[in-house]
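Just below is one structure, and these are the notes that go with it.
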Amino acid sequence: MGNAVVWVDIPVLDLDRAIAFYSAILGTQLVKADYGTFALGFLPGEPQTGDVCGCLYVADDSAPADQGPLVYLNALSRLDEAEAAIVPAGGTIMQPKHQIGPHGYRVIFKDTEGNRLALHSM
């Protein structure tokens with residue numbers, strides 16, 4: 001069996017603001033794709049090769065949330081830099097970097113849109 005999680009949609013209120021935020025904390029420019037009636041901001045990854053990936057999107061039937069499932073984004077070896085970028089980029093640190101047993105480290109944060117997510121690194 002491959003990855004149990006294959007894609008994640010992260011609802012946002014302001015796509016350009018969210019793209020700027022995630023570009024800052026992930027250290028790479030997110031790609032914005034305009035499809036005429038809607039636009040998406042793609043998180044880094046290659047879903048065609050089996051990478052878990054996702055996008056930022058605006059929709060009338062979805063809203064950011066700070067409760068519920070916790071999505072972990074891979075900060076690779078730059079967790080400290082990613083954590084340092086959260087507040088200047090407009091987010092809030094809910095739990096600073098802490099160890100999660102043998103599973104590495106995480107930072108739980110709230111993005112500019114009000115979503116609660118985590119950054120992870122070994």
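The values are calculated or read from the model by the stated rules, or taken from the named source; none is laboratory data. If you're wondering where the values come from, they're calculated on a predicted model, not measured in any experiment. Please note: Cβ atoms are built from the backbone with ideal geometry, for glycine as well, and neighbour counts cover all protein chains shown. Just the protein is used for accessible areas: all its heavy atoms, side chains included, with ligands, DNA and RNA removed. Shrake-Rupley method; radii C 1.70, N 1.55, O 1.52, S 1.80 Å.
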I want to verify a result. In a Gaussian network model of the chain, Cα cutoff 10 Å, which of these has the top mean-square fluctuation: Gln48, Gln95, Gln67?
Gln48
Report the Cα centroid-to-centroid distance between the stretch 34-86 and the stretch 90-121 in angstrom, as an integer.
14 Å
Between the Cα axis of helix 15-26 and the main Cα principal axis of the chain, the angle (0 to 90°, nearest 10) is 30 degrees
Using a probe of 1.4 angstrom, how much of the accessible area of the chain is carbon and sulfur, in percent?
55 percent
What is the set of long-range amide H partners of Val8 at a cut-off below 5 Å, with H atoms built 1.01 Å from backbone N?
Cys53, Gly54, Cys55
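Excluding Asp16 itself, what net charge comes from residues whose Cβ is under 14 Å from its Cβ, given Lys and Arg +1 and Asp and Glu -1?
Values: positive: Arg17, Lys32; negative: Asp14, Asp34, Asp111, Glu113.
Surrounding charge for Asp16 is -2.
For the chain, what is the mean residue ellipticity at 222 nm derived from helices alone (per DSSP H run of n ≥ 4: -39500 (n - 2.57); sum divided by total residues; nearest 500 deg cm²/dmol)? Write down the numbers at each step before the final one.
Details: 2 runs with 20 residues, N = 122.
For the chain, the value works out to -5000 deg cm²/dmol.
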Area accessible to solvent at Lys32, 1.4 Å probe radius, in Å²:
100 Å²
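Leaving out ligands and nucleic acids, note down the accessible area per residue over the chain with a 1.4 angstrom probe, in whole Å².
Numbers: 6990 Å² over 122 residues.
It amounts to 57 Å² per residue over the chain.
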